[in-house]
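The values are calculated or read from the model by the stated rules, or taken from the named source; none is laboratory data. Being a predicted model, the structure only gives us computed values, none of them experimental. Using ideal geometry, Cβ is built from the backbone for each residue, glycine included, and neighbour counts are taken over all protein chains shown.
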Amino acid sequence: MTTKRIGILATGTELVEGQIENSNARQTAQQFVVHDLEPGLFVTVGDSFQDIVEATRFLSLHHDAIITIGGLGPTSDDITRQAVCEAFNLPLHYHPEAWDWLCEHLTQKGYTVPDNNQQQAYFPEHATLFRNWNGTAAATHFTASGKDVFLLPGPPAEYFPFLEQQVLPYLKQNGYIVPRFRRSWMLQNVSESHIAEILEPLWQAHPEHQQIHLGFRVQKPRLEVKLRASTEALLTALADQFDPILTPHLVPPETPL
């Protein structure tokens, strides 16, 4: 079975210039792991129409779904919807329900509704819209060129409710789940290169090693060794070989971080 991959496109010059941390992408990846979804490439671009178009086209070549984060607001630099639709050659259509939601949200807070908010009511014709209860930018899902596309607002208080309530359930119900079995060892006082020199030949000798991911993460003075496999049998076969090698170097459970 072919693994369905999910690409993430975060937009915002403030991200590219390092003014704020892209915490949305990090937490999204963590959620994917929890829900057995396969994260693909994470791309960050500034508020450039052409960059967003090109990044969308690139991600669509290598992924089955694309999630965009940010750029759905009312100002001139909020151009994600326009650029993504340009990438897929989709015209934008006015959706009155999105405008009604926006007007209700602002008037309930005692604000007038500026004309520039109208761009937030435009989406592809057959898109499914999701009301934003925490802001003015509705989110959306549509299919284009056989890809699932989600456009989500950037502020975390708005983004994560959509991710958890709309995006993750949809992906899990539409063939994106990829079961993964994991094992890790936290070691101390041993070098990454030394351990890799011992473990990598064992991994490469496994007849199905391409279905097993071996990784290392240095956090001095510690070293984490990680295995991830598509089945429990594959994981166990290699983990059983690693155990006697790694056990002498394990960090004692009571050792503080």
| message | Tell me whether the stretch 60-76 contains one or more residues that are touching a residue at least 40 places away in the same chain (Cβ under 8 Å), among the acidic types (Asp, Glu) and farther than 27 Å from Gly175 by Cα. | response | no
| Residue list for the stretch 137-159, restricted to those being surrounded by fewer than 23 Cβ atoms within 10 Å (Cβ to Cβ) and either in the same structural domain as Ala196 (by TED's automatic domain parsing) or more than 17 Å from Pro124 (Cβ to Cβ) (or both) | Pro155, Pro156, Ala157, Glu158
| request: For residues that are among the charged types (D, E, K, R) and not in a helix (DSSP H, G or I), scanning just the stretch 57-78, find the one that is nearest to the chain's Cα centre (by Cα). | output: Asp64
| said: Ile198 - would you say it is out of contact with any Lys or Arg (no Cβ under 6 Å at 6 or more places or on another chain), at pLDDT below 95 and of a type outside the set (Gly, Ala, Ser)? | reply: no
| If you go through the stretch 1-11 one residue at a time, do you hit one that is out of contact with any helix residue (DSSP H, G or I) (no Cβ under 6 Å at 6 or more places or on another chain), among the charged types (D, E, K, R) and farther than 16 Å from Phe160 by Cβ? | yes
| message | Would you confirm whether or not the stretch 66-79 contains a residue that is on the phi > 0 side of the Ramachandran plot and modelled with pLDDT of 95 or more? | response | yes
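Matching residues to (1) polar (S, T, N, Q); (2) within 18 Å of Ala157 (Cα to Cα); (3) under 14 Å from the mean Cα position of the chain (by Cα); (4) not assigned by TED's automatic domain parsing to the domain that holds Gln211:
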site	(1), (2), (3), (4)
Gly12	no, yes, no, yes
Phe42	no, no, yes, yes
Gly46	no, no, no, yes
Ala83	no, no, no, yes
| query | Which members of the stretch 156-199 meet the condition of being of a type in the set (Asp, Glu) and in contact with a strand residue (DSSP E or B) (Cβ under 7 Å, 6 or more places away or on another chain)? | reply | Glu192
| Checklist (1) without any contact (Cβ under 8 Å) to a residue 12 or more places away in the chain; (2) not assigned by TED's automatic domain parsing to the domain that holds Thr236 applied to Phe162, failing item | (1)
| Hey, Leu102 among the hydrophobic types (A, V, I, L, M, F, W, C), in a loop (DSSP other than H, G, I, E, B) and touching a residue at least 24 places away in the same chain (Cβ under 8 Å) or not | no
| task | Report whether or not Asn24 is touching a residue at least 60 places away in the same chain (Cβ under 8 Å), in contact with a Leu (Cβ under 9 Å, 6 or more places away or on another chain) and assigned to a helix (DSSP H, G or I). | result | yes
| Condition test on Pro169, is it more than 22 Å from Asp64 (Cβ to Cβ) and surrounded by fewer than 18 Cβ atoms within 10 Å (Cβ to Cβ)? | no
| note | Within the stretch 217-242, residues of a type in the set (D, E, K, R) and in contact (Cβ under 8 Å) with a residue 12 or more places away in the chain come out as Arg222, Glu224, Lys226, Arg228, Glu232
| remark: When Arg228 is run through (1) surrounded by 14 or more Cβ atoms within 10 Å (Cβ to Cβ); (2) under 18 Å from Asp36 (Cα atoms); (3) of a type in the set (D, E, K, R); (4) more than 23 Å from the chain's Cα centre (by Cα), the failure sits at (4)
